[in-house]
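*Asks:* Pasting a structure below so you can have a look.
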């Protein structure tokens, strides 16, 4: 049974994953590359717990118990004590492959190794080890303590019992797992970023304004318009995800990053984190006003191709309709899954 988890990389995502496991009663060993990063990771964890204490979501004893289960170090060899190690390092294949080669040498053969990659090939990462059957994807969504979805990614090498154990672990820590194969973008990012990229092209071609596009999608229940969501994700991150999916599946023109997106990134307009992207985040954002007829026109442009891609995914046998709907509602905040829209 998994009772000790290692987390490599304690940025926003890694710290969130570490918190999820510690809250569920598991012992967590967090590892960062250098001392300054380790101190920042520990501070990030403590700040999150203190915020929850201040809001009454944790009492002092529970907060202290969780903190006591979290160890932070720069010593990768400490992960020899873990039953599971999950990485949350930068989304670059060479960095992840190098890390898994090192983990394979450090960790006992029974230790499961998992990657939190959102779009890279789990198979390519697994093949750097001598335990490819014990390597899986365990893709959490940001912020990890709040978002309920975990995509559990199996490769052609994965042992079925390992996949089941990781799916069961996701349930143990309060998440909803969907088990899927190793395909570029998995479920959520593949569908989400095709839709977001389409919205950019609609804007660039002058067929709808920014405010019309975002207002239209909010009018059918989406919590955020696609262009605002891109700004929140980060335009540079969005290019990276699109390029990763497109380079591994060149037959997918929906994931060929729109020129306008690349232009904004080249200009340093990366979205909310830089203050400018599709929106000026230094100024209040006013809600758009548009007629029901105009909103319906834009929704009719954006939503049917998005749903068609979901249907193709289900028809290929990659994921069930239920899992696709679960992924998009829990992972992307959709008001309902693609198959629940009456189109």
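We did not get these values from a lab; they are worked out from the coordinates using the rules stated. Note that the structure is predicted; figures quoted are calculated from it, not measured. Ideal geometry is used to build each Cβ from the backbone, glycine not excepted, and the neighbour counts take in all protein chains shown.
*Asks:* Choose one answer from 150, 28, 220: the residue with the largest mean-square fluctuation in a GNM of the chain with alpha-carbon springs under 10 Å.
*Replies:* Greatest mean-square fluctuation among the candidates belongs to 220.
*Asks:* For region 16-85 and region 256-293, what is the centre-to-centre distance using only Cα atoms, to the nearest Å?
*Replies:* That distance is 35 Å.
*Asks:* Also, quick follow-up: Is region 188-340 rounded, prolate or oblate when judged by the Cα gyration tensor, a ≥ b ≥ c being the square roots of its eigenvalues, rounded requiring a/c under 1.5 and prolate requiring a/b larger than b/c?
*Replies:* Details: a/c = 1.72, a/b = 1.22, b/c = 1.42.
Oblate, because a/c is 1.5 or more while a/b does not exceed b/c.
*Asks:* Given contacts defined as C-alpha pairs under 8 Å and at least six residues apart, what's the relative contact order of region 205-261, whole-number percent?
*Replies:* Numbers: 31 pairs, mean separation 11.9, N = 57.
Relative contact order, region 205-261: 21 percent.
*Asks:* In the chain, what % of DSSP beta bridges are antiparallel (nearest 5)? Working shown, then result.
*Replies:* Values: 6 of 32 bridges.
Taking every DSSP beta bridge within the chain, about 20 percent pair in antiparallel fashion.
*Asks:* P(r) of region 4-181 in 5 Å steps, Cα pairs, percent per bin?
*Replies:* Distribution as computed: 1, 9, 19, 23, 22, 15, 7, 3, 1, 0 percent.
*Asks:* While we're on this one: Given a Förster distance of 25 Å, report the FRET efficiency between residue 60 and residue 33 from their Cβ-Cβ distance, rounded to the nearest 0.05.
*Replies:* Details: r = 32 Å, r/R0 = 1.29.
Efficiency for this residue pair is about 0.20.
*Asks:* Do you know the relative contact order of the chain, to the nearest whole percent, from alpha carbon pairs under 8 angstrom that are 6+ apart? Write down the numbers at each step before the final one.
*Replies:* On the way: 593 pairs, mean separation 45.7, N = 343.
Relative contact order comes out at 13 percent.
*Asks:* Relative contact order for region 188-340: what is it in percent, counting Cα pairs under 8 Å that are at least 6 residues apart? Spell out each step's value before the answer.
*Replies:* Values: 189 pairs, mean separation 45.0, N = 153.
Averaging sequence separation for qualifying contacts and normalising by length gives 29 percent for region 188-340.
*Asks:* Highest mean first, what order results for 192-205, 154-167 on Cβ atoms within 10 Å? Mind dumping the intermediate values first?
*Replies:* On the way: 192-205: 20.9, 154-167: 17.6.
Per-residue Cβ counts within 10 Å, averaged per peptide and sorted highest first, yield 192-205, 154-167.
*Asks:* Right, something else. Using alpha carbons only, how many angstrom separate the centre of region 131-180 from the centre of region 307-322?
*Replies:* 20 Å
*Asks:* Compute the projected area of the convex hull of the Cα atoms of the chain, averaged over all viewing directions, and report it in nm² to one decimal place. Let's see the in-between values first.
*Replies:* On the way: hull surface 70.9 nm².
Approximately 17.7 nm², given one-decimal rounding.
*Asks:* Going by a ≥ b ≥ c, the root eigenvalues of the Cα gyration tensor, does region 292-333 fall in the rounded group (a/c under 1.5), the prolate group (a/b larger than b/c) or the oblate group? Mind dumping the intermediate values first?
*Replies:* Details: a/c = 4.25, a/b = 1.81, b/c = 2.34.
Oblate is the answer for region 292-333, as a/c is 1.5 or above yet b/c matches or exceeds a/b.
*Asks:* Picking from 30, 221, 174, which is most flexible by a Gaussian network model of the chain using Cα springs under 10 Å?
*Replies:* Largest GNM mean-square fluctuation: 221.
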